[in-house]
Amino acid sequence: MPFRVRIDGKEVILEKRTTILNAARRAGVDIPSLCYDERLQPYGSCRLCMVEVKGKGLITSCSTFVEDGMEVNTETPEVVKHRRTILELLADRYPAEAAKLDTRLSQLLRRYGVEAKGAEDPRLMDERHPWISVDLSRCVLCYNCVRVCEGYIGRLIWRTLYRGQQTIVMPETGSLATSSCISCRACVDVCPSGAIVDKVMASARPTSWGETACSMCSLSCPLRVGFEDSRPVYVEGRRDLLPFAAECLRGKYHWEDLVYVPERPEGPRLRRGGRSWSRASLDEALGVIAEGLRKATGEGGPGSVGVIVSSRLPAEAYYLSQLLARAALRTNNVDVASSLLPSFSELAPIGGPLSTLPLSSLDDVDSFLVIGPLEDYHPALASFIRRQSLQGRSRLILISSEDDKLANAADIHMAVDVRRAPDALRALRWRPPRRDSWTWPRPPSCCLTRPPGPLRSGR
C-alpha cells in the first residue's frame, strides 16, 4: 500500500517503504549527511541527518523508515542548532585549507556558517600511491572508507586503530602504496572530507561529460567520461546502471594506455605490396576483407575459414560474430580467443564464454567455481564474487595459485599452478570404481606424483 508522508509541509506519496532520508531526497529536500551511502547499510554515526518528527522528536533520517501519516521537519531551529554544534566540533580540528575545497563537509560548513580552525599535519600525508593521495589530518572518522572497503568491495585495506580521541583510520600497512589495495577508488567516492583524494580528478578540469562503455574486459561497464577541450581527462563508473561498474584499476586509470599512445591507429590501414602500412578508407578496408573471405571460401569451402573473437568484447559482439560466421560465411569455425589458450583448451566443454551470461543472473548463484587469476582479467567481476562470498550469499571455490587475490574470500582454495588447472579438474572429476571391479584404473597423474595442493578454508 502507498505511504503518505509530509516533509516540510510537502506531501510525498511512496509506493514502497523507505527511509526518511531517501523519501526527502525524492521530494527534492536536501538533508545533510556525511556517513550515508546507498551502497552501504545505514550507520548513523555523523548525526547530521537528524530531523524532527512529530510525536517522536529528533531522530536519524538515514536509519528510520517512514510511516503512513508521518510529519517530518528538516530545518527547525532545534535541528539547525544540533547540526551546527556537530559541525563546530568537527571544524575544531578540520584544516582551514581543506575547507576551501569542494567536499561535502566544506559545503556544509559554509551552509551553516561554521569556520574550520584546524591545520594540516605533513606527518599524516601520504602521496606514495600512484593515483590516490591520503591526508589523515582531514579525516572526520565517518568510517565510510572502512565500511565500503570491507562490506562492498570485499577487502580489508582500511583499519581503525586506538579508541576515544586517539582513534585514527589508516591503511593496513600504514601506507596505501604498500597495501593490497586494488585501486577501485570506492574509498575516494565515499570520503566526505577530502582525506582520500583521486589525484587524476584533482588535476582534471572536465568541462563536458559523455557516456561510453569500458573496453578493458568483456563486462563492458558503463562509464562517464569527462572531457577538457575535447580530450578525455577523467573516467568514472555509471553505478546507476551497474552497481559495481568500473571497480577496477583498468577501467578507471588504464584508459590512458588506449587513448594517449603514439601507436594507436586512428583509422583502417592496409598493407599494399611491401611491408609498410598505409591509410585507407573504411569502405576500402571492408572491400579487401570481403574479397579475401570470398576467395578463401571459394577455393577451400566454408570449412577453410574461421572466426576468432576477442575475449574483451561484450555479448552483443559475440552474437554478431555468430551471425557473420554461420549465416554469412556458412562456417561453424567460430570461437573466443580465451578458450584457445593451451592450458584451458580442455575446459571448453564445461561451458561457453562467461561474457554471454547476463550479469543479473549472478545475483542468485549458490556457488562460484573460479579457475585462475580472475582479478587480473575481470577485476569488476572478481569484486562482485568476493562481495557475494564475504556476505554469505554464495560459496566460492577457487582453483588458482597460492597468492591469488581472491584467496581470502574463498570457502575452498585449491592452490595449484594455473597451468595445472586442467589436471586439477580431472582429479576432481575422477571417482574410484567399486571394490568388486576386476580393474582398478589409475587416477590422473597429478593426484599421484604432483598433488595440486591442500584444500584450505578461506574463512
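The values are calculated or read from the model by the stated rules, or taken from the named source; none is laboratory data. Keep in mind that what you see is a predicted model, and the values were worked out from it rather than measured. With ideal geometry, Cβ positions are generated from the backbone for all residues, glycine too; neighbour counts draw on all protein chains shown.
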- Task: All but one of (1) part of a loop (DSSP other than H, G, I, E, B); (2) aliphatic (A, V, I, L, M); (3) more than 28 Å from Leu362 (Cβ to Cβ) hold for Val233, so report the exception by its number.
- Result: (1)
- In this structure, is Met216 touching a Gly at 6+ places or on another chain (Cβ under 8 Å) and either surrounded by 15 or more Cβ atoms within 10 Å (Cβ to Cβ) or in a helix (DSSP H, G or I) (or both)? yes
- Just one of the numbered conditions (1) β-branched (Val, Ile, Thr); (2) farther than 30 Å from Ile13 by Cβ; (3) in the same structural domain as Ile7 (by TED's automatic domain parsing) is not true of Val66; which one? (2)
- Item | Residue among Arg224, Arg272, Arg239 that is farther than 30 Å from Asp363 by Cα, not small (Gly, Ala, Ser) and not assigned by TED's automatic domain parsing to the domain that holds Leu141 | Arg272
- Scan of region 91-112 for residues that are among the small types (Gly, Ala, Ser) and either free of Cβ contacts under 8 Å to residues at least 40 places away in the same chain or assigned to a loop (DSSP other than H, G, I, E, B) (or both), ordered by number: Ala91, Ala96, Ala99
- Item | Total residues in region 69-93, condition charged (D, E, K, R) and within 37 Å of the chain's Cα centre (by Cα) | 6
- Message: Among (1) at pLDDT 90 or above; (2) under 38 Å from the mean Cα position of the chain (by Cα), there is one condition Asp283 misses while meeting the rest; what is its number?
- Response: (2)
- Assess whether Thr103 counts as being within 30 Å of Ser203 (Cβ to Cβ) and polar (S, T, N, Q). yes
- Item | Subset of region 59-90 [in contact (Cβ under 8 Å) with a residue 40 or more places away in the chain, of a type in the set (Val, Ile, Thr) and part of a strand (DSSP E or B)] | Val72
- Task: Quick one: count up the residues across region 124-168 that are buried (at least 21 other Cβ atoms within 10 Å of the Cβ), more than 20 Å from the chain's Cα centre (by Cα) and not in a helix (DSSP H, G or I).
- Result: 5
- Task: Give me the pairs, please: first residue somewhere in region 118-135 and in the same structural domain as Leu249 (by TED's automatic domain parsing) and among the aromatic types (Phe, Trp, Tyr), second residue anywhere and surrounded by fewer than 17 Cβ atoms within 10 Å (Cβ to Cβ) and modelled with pLDDT under 95, beta-carbon distance under 9 Å, and either six or more positions apart or on two chains.
- Result: none
- Item | Candidate set from region 37-53 (those that are at pLDDT 90 or above and in a loop (DSSP other than H, G, I, E, B)); member that is surrounded by the fewest Cβ atoms within 10 Å (Cβ to Cβ) | Arg47
- Kindly list, by first and then second residue, each pair from a residue in region 1-18 that is in contact (Cβ under 8 Å) with a residue 24 or more places away in the chain and of a type in the set (Val, Ile, Thr) to a residue that is in a loop (DSSP other than H, G, I, E, B) and surrounded by 15 or more Cβ atoms within 10 Å (Cβ to Cβ), limited to pairs with Cβ atoms under 8 Å and residues at least 6 apart or on different chains. Val5/Val66; Val5/Met70; Ile7/Ala27; Ile7/Val29; Ile7/Thr74; Thr18/Val66
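To keep it simple, each residue is scored yes or no on (1) in contact (Cβ under 8 Å) with a residue 24 or more places away in the chain; (2) of a type in the set (A, V, I, L, M, F, W, C); (3) under 21 Å from Leu381 (Cα atoms).
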residue: Ser137; (1), (2), (3): yes, no, no
residue: Leu141; (1), (2), (3): yes, yes, no
residue: Gly154; (1), (2), (3): yes, no, yes
residue: Gln165; (1), (2), (3): no, no, no
residue: Leu176; (1), (2), (3): yes, yes, no
residue: Asp189; (1), (2), (3): yes, no, yes
residue: Ser208; (1), (2), (3): no, no, no
- Query: Can you name the residue in region 169-190 that is closer than 21 Å to Val200 by Cβ and aliphatic (A, V, I, L, M) and, of all such residues, is surrounded by the fewest Cβ atoms within 10 Å (Cβ to Cβ)?
  - Reply: Ala177
- Message: Ala91 - would you say it is among the small types (Gly, Ala, Ser) and either within 30 Å of Arg387 (Cα to Cα) or at pLDDT 90 or above (or both)?
- Response: yes
- Scanning for something at pLDDT 85 or above, out of contact with any His (no Cβ under 8 Å at 6 or more places or on another chain), among the polar types (S, T, N, Q) and in a strand (DSSP E or B), does region 365-384 turn up at least one residue? yes
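Test Ala245 against the stated conditions and say whether it is outside any loop (DSSP other than H, G, I, E, B) and at pLDDT below 85.
no
Condition test on Ile7, is it buried (at least 19 other Cβ atoms within 10 Å of the Cβ) and in contact with an Asp or Glu (Cβ under 9 Å, 6 or more places away or on another chain)?
Yes.
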